[in-house]
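These notes concern the structure reproduced below.
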Amino acid sequence: MPQTLNDTAGWAPLALASDIMTATSAGTVWNGDEIVIWRDSAGRVHAWEDRCPHRGMKLSFGFVRGDRIACLYHGWEYDSAAACRYIPAHPELDVPATIRVARYKAVEALGMIWVAPLDQPGPAPVDQTQVNALRSLQVDAPLARLTQVFVTHGLPGLGLVRDVVADGAVIRLTQGAVRLVAGLHPVDDATSMLHIAVEGACTQQALAALVPATAALRRLAETGVAGAA
Ligand code: FES
């Protein structure tokens, strides 16, 4: 039996953990808020507002150096506590402590990176179940629509959907011999993100064979038709 996430209220799965490799960053949007998720060279994940305090460049375009992320535009560097530590144009400057990026909480559970506002009370999601990342995809459909389509059809063409369990922002279901787990979050009122993984043993070949079905799921949610666009 899979574990149950202990509590996901206020948290959202914003990325597949394996998609944010060590010393890389990626941007996403959660309910209209732009967020950079990055992993430092020690493997720790961070989620911040995706905006440099200097001139507003997206930090997701920047470069991770050790435990800092450097902005692409003028190279300001921010440490893992989101404080600016170095300004290349003024290398001798003791940078004021007020220059900081707004942070979120970030944890890894169920093979995904979960994010919550910094003042979110209560525990973080915990689930060490090993999963095989399949893919993340953006869908031009509201979250409720995407959720309903996924619960009803799973991945189109794989057969009967059974054992559906909705656990906060995560849906687990079984189709044939495949146990799917999906984390969902809204981008905005009209767009959603789906992060799909497979539980249990699964070869890379078997994962690759599922990719066309994820595209069919997106078409089904967006157009009502699962066939070729
Ligand atoms: S906009 Fe980021 S360093 Fe200037």
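Bear in mind these aren't lab numbers, they're just calculated from the coordinates by the rules spelled out. From a predicted model like this one, the values you see are computed outputs, not experimental measurements. Every residue, glycine among them, receives a Cβ derived from its backbone with ideal geometry; neighbour counts consider all protein chains shown.
With Cα atoms as the point set, the radius of gyration and Dmax of the stretch 88-208 evaluate to 18.7, 65 Å.
Evaluate the charge dipole of the stretch 12-117 about its Cα centre and quote only its size in Debye, nearest 20, assuming +1 on the Cβ of each Lys and Arg and -1 on the Cβ of each Asp and Glu. If you can, show how the numbers build up before the last one.
Details: 11 positive and 12 negative charges, 8 e Å.
About 40 debye.
Could you work out how far helix 204-223 tilts from the main Cα principal axis of the chain, as a 0 to 90 degree angle to the nearest 10? Result, in degrees: 90. In degrees between 0 and 90, to the nearest 10, how far off the longest principal axis of the chain does helix 143-153 point, with axes built from Cα atoms? Between helix and principal axis, roughly 40 degrees.
Across the chain, Cα pairs under 8 Å and at least six residues apart give a relative contact order of 20 percent.
Report relative contact order for the stretch 12-117 in percent, whole number only (criteria: Cα-Cα under 8 Å, sequence separation at least 6). Show your work: numbers first, answer last.
Working: 240 pairs, mean separation 27.4, N = 106.
It rounds to 26 percent for the stretch 12-117.
Taking a cut-off of 15 Å, what percent of all Cα-Cα pairs in the stretch 66-143 are separated by more than that?
Values: 2132 of 3003 pairs.
Tail of P(r) above 15 Å: 71 percent of Cα pairs.
Between Ala23 and Arg39, Asp40, Ser41, Gly43, the built amide H atoms are under 5 Å apart, and every one of these is 5 or more places off in sequence or on another chain. What base-10 log of the normalised intensity I(q)/I(0) is obtained for the chain from the Debye formula, alpha carbons as equal point scatterers, at q = 0.08, 0.17, 0.18 Å⁻¹? Each listed q corresponds, in turn, to -0.32, -1.17, -1.27. Partnerless cysteines in the chain, where a partner means another cysteine C-beta under 4.7 angstrom, comprise Cys84, Cys202. Averaging Cα coordinates gives a centre for the stretch 144-191 and one for the stretch 80-106; these two points are 40 Å apart.
Under a Cβ-only charge scheme (Lys and Arg +1, Asp and Glu -1), can you give me the dipole magnitude of the chain about the Cα centre, in debye to the nearest 20? Mind dumping the intermediate values first?
Numbers: 18 positive and 22 negative charges, 83 e Å.
I would put it at about 400 debye.
When the P(r) is computed for the stretch 12-117, the part past 16 Å accounts for 53% of the Cα-Cα pairs.
Using Cβ contacts closer than 10 Å as the measure, can you line up Phe150, Phe61 from fewest to most? Show your work: numbers first, answer last.
Numbers: Phe150 25, Phe61 14.
Least crowded to most crowded, the residues run Phe61, Phe150.
Other residues within the sphere of radius under 12 Å centred on the Cβ of Arg65, judged by their own Cβ, net out at -2 (K and R +1, D and E -1).
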